[in-house]
Structures are given as C-alpha cells and as structure tokens.
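A.B. asks: The structure is given below, and queries will be raised subsequently.
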Amino acid sequence: MSEKREVILSGIRPTGRLHYGNYFGAIQHFIRLQDEGQCCYYFIADYHALTTITEREDFYGQTIEMLRTYVACGLDPEKSVIYRQSDLPCTAELMLLLGMITNIGFLERGTTYKDKLTKLQEDPKSEGNPLSYGLLGYPVLMAADILIVRADKVPVGDDQRQHVEMACDIAQRFNSRFGDTLHVPHPVGRDALRLPGLDGASKMGKSEHNTLDLLDEPETVLKKIRGVETSTDPLPLEVESNDPDIIVPRMPGGVGVLYRLLHLLAPEEVYLDFVGKYRRKEKFYGTLKQTLAEYVSAFNAPIIERYNAPGNDEASVCDFLRANAKQVTPVALNMVERCRAAIGIGHSLYRA
Ligand code: ATP
Ligand code: MG
C-alpha cells in the first residue's frame, strides 16, 4: 500500500450480546477498514461498561463472548489490534490529564448524560444507577481512548457522533494550552447509522433490551420479529422516495425497524416490492416478518458457526488479547509521556 495507513480506533461495551445496530453501525466498518489494510485498534470497553452496572456482573465472561463474536464476524487479531480497555490502564492516566482541562458545563451538555438526568428527574427509581462521576466523565475517557493511539477515524454509530466531536474539542483545547501534542481525529460522517429498536424506540441498544442479536438462532429471530408491533400503524403514509433514509423515519415505530432491517439484508427488488405493498395499502406484515426472519437467520448462520468453531475459544481469545495488548501498550505509553512532557510534569521516572 503506497498511501499512508490511517489509524482507526473504536470500541464496544461488554454490556450484552452484539446486535444488528452494533454490526451495521460499527462492526461492518471495522471489517472494511481492516481489510483495506488500515492500522486498526478495536477494543472491548470494559471500563465504559461500569457506568451501566447496578450489581456485580460477569464482564470478563461477556468480554470473552464478545471477542469470539468479533472473530466470528470477520475481525482478525492478526490484522487488527484487538484488546481490552482495562489492559491499557495508561488510558486512565490520560483521562485524568484531559479531565483537568475539561469544563463541567461542557460535559453537562452531553446527550447521554442529559437523557439520564431527565429520566431520573421524571422518575428517581427509573435507573438502577445514580448519576455518577464516571457517567459525566464518559466523554473524557472516550477522548483518551481515541487520542492515546492518535486515531484518524473513529467508526461508530450515529449515537456516538457527539462523543467523537467532544474528543476533537478536548484535543484542541489541550493543544491550544500546551502546544501541538494531540492528533485531532475526523468527526463522524452524517451518514452514520442509528438503527431503531425492535420496540420501535429510536435506538436499538444492549441496555435497552430491544435488540436483534447476531447470535440469535432462527427460532428466537422469528419470535422477536413476530413480536414487533405493527398494529398501530396508520396505513398508508405517503412516501415518494425509495430511499430508506427518507421512507423509514416517516414510518412509525415497529414498521420502521422492519423496513430498515429489510433494506440492510434483502436484495433491492425484495425491499422495493414491500415498499410497493406498503404504498398500495395491502395487508402484508405477516409475509414481511416471515421474509425478514429468513434473511436474518441466513445472515446469522455463518456467524454462529464460526462463533462455535474449534479454535475460537476462551484460550485462543486470551492468547491474542495478551499479544495485542503488548502491541498497543508502547504506542499508548508514548502518547501519555508526550502529554506529561507537554504539560510540564515531565516524563515518568519509573517507566523509563
Ligand atoms: P449500551 O446500551 O450498553 O450502551 P449499545 O448497544 O449502545 O450498548 P455500545 O457498546 O454502546 O452498544 O456501542 C458500540 C458501537 O455500536 C458504537 O459504535 C455505537 O455507535 C454502535 N451502535 C450501538 N447501537 C447502535 C444502533 N442502534 N445503531 C447504530 N449503531 C449503534
Ligand atoms: Mg451505547
């Protein structure tokens, strides 16, 4: 490859099984960038997951399961550096340094933080977790994840767009204060995906319990898709375009996610056929659900097979985690040292 390789960084929290939002919002881009030969760092964000827990959880077990699913989807630990966030503890040091120059008012404008604040104000018992210092500081930790490897691009879904923008702001603030030290990444493109949940909520999410998962077996797929609410759909909506970005948001809750999934998985003629049925006010949701369930199960089948393949077990995951953590550690430590020097603390004496 003659052009300079881009540095790519992204992570996923081990808060449940990987779902279709994770795949089409993030993982499919991870794989494409890996296969283009870019310099890819993909991590399991176990520190970030701690803002969600209400009691002790098996993050280790969930991390291993997620890494086996990464591999089953096509991520290759020989081509991408795949690691656990907590195996790179110097990220926490960079977060601390960045936190010193980050205003509280700036963090209070974070949508994740604001959403949780609103929920708690409406119903103090709605969330198991209090508003923690960690949740307010989530964007600072994410900035540290990104900046510590000097990432150029951060492939994430639309829900994470603001956090990447915040990382750019934090890097710029650091540079203007202490000199040009941190590399400012590209912001997330406007075409980033936000897949709705099976319950019709605006986002499918592990913590929302409204997901269609990559490891779901055909029976579960059918049950979940049959359960999508379509009865309240006031047919028809006038839609003039075949572009799903125009059609889907106009469709109410459950219908929107069925169409979005069909558009992602089925050949165009199948998708357009169902758009036609929608316009003609035909009764078709039973067939749509059945057809979609078949496409989903066909998509999941090879992933499930590779997930269970010999060689994709805990021992092999631990082997590549160890090797890959060794690869990313010097890159990250170098960045932390440069920041320490820029601020004036000076290099760490014990790390020398
Ligand atoms: P949680 O509910 O615990 O936050 P999540 O489902 O939101 O889990 P994350 O680990 O927070 O998943 O996000 C991992 C990646 O998947 C991020 O890049 C995020 O933008 C992307 N992603 C998550 N949900 C969706 C979605 N519904 N549509 C598109 N991308 C998504
Ligand atoms: Mg999330």
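The values are calculated or read from the model by the stated rules, or taken from the named source; none is laboratory data. What you see is a predicted model, and the numbers here were worked out from it, not measured in a lab. Glycine gets a Cβ as well: all are built from the backbone with ideal geometry, and neighbour counts include every protein chain shown.
For (1) in contact with a helix residue (DSSP H, G or I) (Cβ under 7 Å, 6 or more places away or on another chain); (2) not β-branched (Val, Ile, Thr), each residue gets a yes or a no:
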{"site": "VAL7", "(1), (2)": "no, no"}
{"site": "GLY11", "(1), (2)": "yes, yes"}
{"site": "GLY16", "(1), (2)": "yes, yes"}
{"site": "ILE31", "(1), (2)": "yes, no"}
{"site": "CYS40", "(1), (2)": "yes, yes"}
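A.B. asks: Step by step: first the residues of the stretch 169-213, then only those that are away from ligand 1 (no atom under 16 Å from the Cβ) and buried (at least 19 other Cβ atoms within 10 Å of the Cβ), then the one that is farthest from the chain's Cα centre (by Cα). Which residue is that?
C.D. replies: Our first condition is that a residue be away from ligand 1 (no atom under 16 Å from the Cβ); within the stretch 169-213, this holds for 169-184.
When the remaining residues are screened for being buried (at least 19 other Cβ atoms within 10 Å of the Cβ), the result is 170-171, 174, 182, 184.
Details: ILE170: 21, ALA171: 21, PHE174: 26, LEU182: 23, VAL184: 20 Å.
Only one residue fits best here, namely PHE174.
A.B. asks: Considering only residues that are within 14 Å of ligand 2 (Cβ to nearest atom) and not in a strand (DSSP E or B), which ones fall in the stretch 28-45?
C.D. replies: The one that is within 14 Å of ligand 2 (Cβ to nearest atom) and not in a strand (DSSP E or B): ALA45.
A.B. asks: Which one of these does THR220 not meet: (1) of a type in the set (S, T, N, Q); (2) over 23 Å from ILE101 (Cα atoms); (3) more than 10 Å from ligand 1 (Cβ to nearest atom); (4) assigned to a loop (DSSP other than H, G, I, E, B)?
C.D. replies: (4)
A.B. asks: Can you name every residue in the stretch 30-45 that is in contact (Cβ under 8 Å) with a residue 12 or more places away in the chain, more than 8 Å from ligand 1 (Cβ to nearest atom) and farther than 11 Å from LEU75 by Cβ?
C.D. replies: Within the stretch 30-45, GLY37, GLN38, CYS39, TYR41, PHE43, ILE44 meet the criteria.
A.B. asks: Here's something else I'd like to know. Taking GLU57 and the conditions (1) outside any loop (DSSP other than H, G, I, E, B); (2) within 15 Å of ARG13 (Cβ to Cβ), which numbered condition does it fall short on, given that it satisfies the others?
C.D. replies: Here GLU57 meets the rest and fails (1).
A.B. asks: May I ask you to say which residue of ALA325, ALA315 is part of a helix (DSSP H, G or I), modelled with pLDDT of 95 or more, under 30 Å from PRO89 (Cα atoms) and in contact with a helix residue (DSSP H, G or I) (Cβ under 7 Å, 6 or more places away or on another chain)?
C.D. replies: Selected residue: ALA325, the only one of ALA325, ALA315 that is part of a helix (DSSP H, G or I), modelled with pLDDT of 95 or more, under 30 Å from PRO89 (Cα atoms) and in contact with a helix residue (DSSP H, G or I) (Cβ under 7 Å, 6 or more places away or on another chain).
A.B. asks: May I pose another question? When you go through (1) buried (at least 18 other Cβ atoms within 10 Å of the Cβ); (2) touching a residue at least 40 places away in the same chain (Cβ under 8 Å); (3) not aromatic (Phe, Trp, Tyr) one by one for PRO139, which number turns out not to apply?
C.D. replies: Checking PRO139 against (1) buried (at least 18 other Cβ atoms within 10 Å of the Cβ); (2) touching a residue at least 40 places away in the same chain (Cβ under 8 Å); (3) not aromatic (Phe, Trp, Tyr), the one that fails is (2).
A.B. asks: Let me ask another. Which residues, counting only those in the stretch 78-109, are closer than 25 Å to ARG177 by Cβ and buried (at least 16 other Cβ atoms within 10 Å of the Cβ)?
C.D. replies: LEU88, CYS90, THR91, GLU93, LEU94, MET95, LEU97, LEU98, GLY99, THR102, LEU107
A.B. asks: Which condition from (1) surrounded by fewer than 22 Cβ atoms within 10 Å (Cβ to Cβ); (2) polar (S, T, N, Q); (3) within 16 Å of ligand 2 (Cβ to nearest atom) is the one that SER10 breaks?
C.D. replies: The one condition SER10 does not meet is (1).
A.B. asks: Let me ask something else about it. Quick one: in the stretch 110-119, which of the residues that are closer than 20 Å to ASP169 by Cβ and surrounded by 13 or more Cβ atoms within 10 Å (Cβ to Cβ) is nearest to ligand 1 (Cβ to nearest atom)?
C.D. replies: Filtering first and then ranking leaves THR112.
A.B. asks: THR52 fails exactly one of the following numbered conditions: (1) assigned to a loop (DSSP other than H, G, I, E, B); (2) away from ligand 2 (no atom under 14 Å from the Cβ). What is the number of that condition?
C.D. replies: Status for THR52: all satisfied but (2).
A.B. asks: Another question, if that's okay. Is one or more of the residues making up the stretch 275-286 in contact (Cβ under 8 Å) with a residue 60 or more places away in the chain and crowded, with 19+ Cβ neighbours inside 10 Å?
C.D. replies: no
A.B. asks: Sticking with this structure for a sec: Mind checking which pairs have a first residue in the stretch 154-167 that is touching a residue at least 60 places away in the same chain (Cβ under 8 Å) and over 20 Å from ASN103 (Cα atoms) and a second that is within 9 Å of ligand 2 (Cβ to nearest atom) and assigned to a loop (DSSP other than H, G, I, E, B), Cβ under 8 Å, 6 or more apart or different chains?
C.D. replies: ASP159/LYS203; ASP159/GLY205
A.B. asks: Out of curiosity, is PHE24 of a type outside the set (Ser, Thr, Tyr), within 16 Å of ligand 2 (Cβ to nearest atom), at pLDDT 95 or above and farther than 19 Å from ASN210 by Cβ? If you could, list the steps in order and put the result at the bottom.
C.D. replies: On the way: of a type outside the set (Ser, Thr, Tyr): yes; within 16 Å of ligand 2 (Cβ to nearest atom): yes; at pLDDT 95 or above: yes; farther than 19 Å from ASN210 by Cβ: no.
No, not satisfied.
A.B. asks: For the stretch 98-216, list the helices (runs of 4 or more DSSP H) that sit wholly inside it and hold at least 3 residues that are out of contact with any helix residue (DSSP H, G or I) (no Cβ under 8 Å at 6 or more places or on another chain), more than 14 Å from ligand 2 (Cβ to nearest atom) and more than 25 Å from MET66 (Cα to Cα); which are they? Outline the logic, then answer.
C.D. replies: Working: elements: 104-108, 111-122, 133-136, 138-147, 161-178.
Here the list reads 111-122, 161-178.
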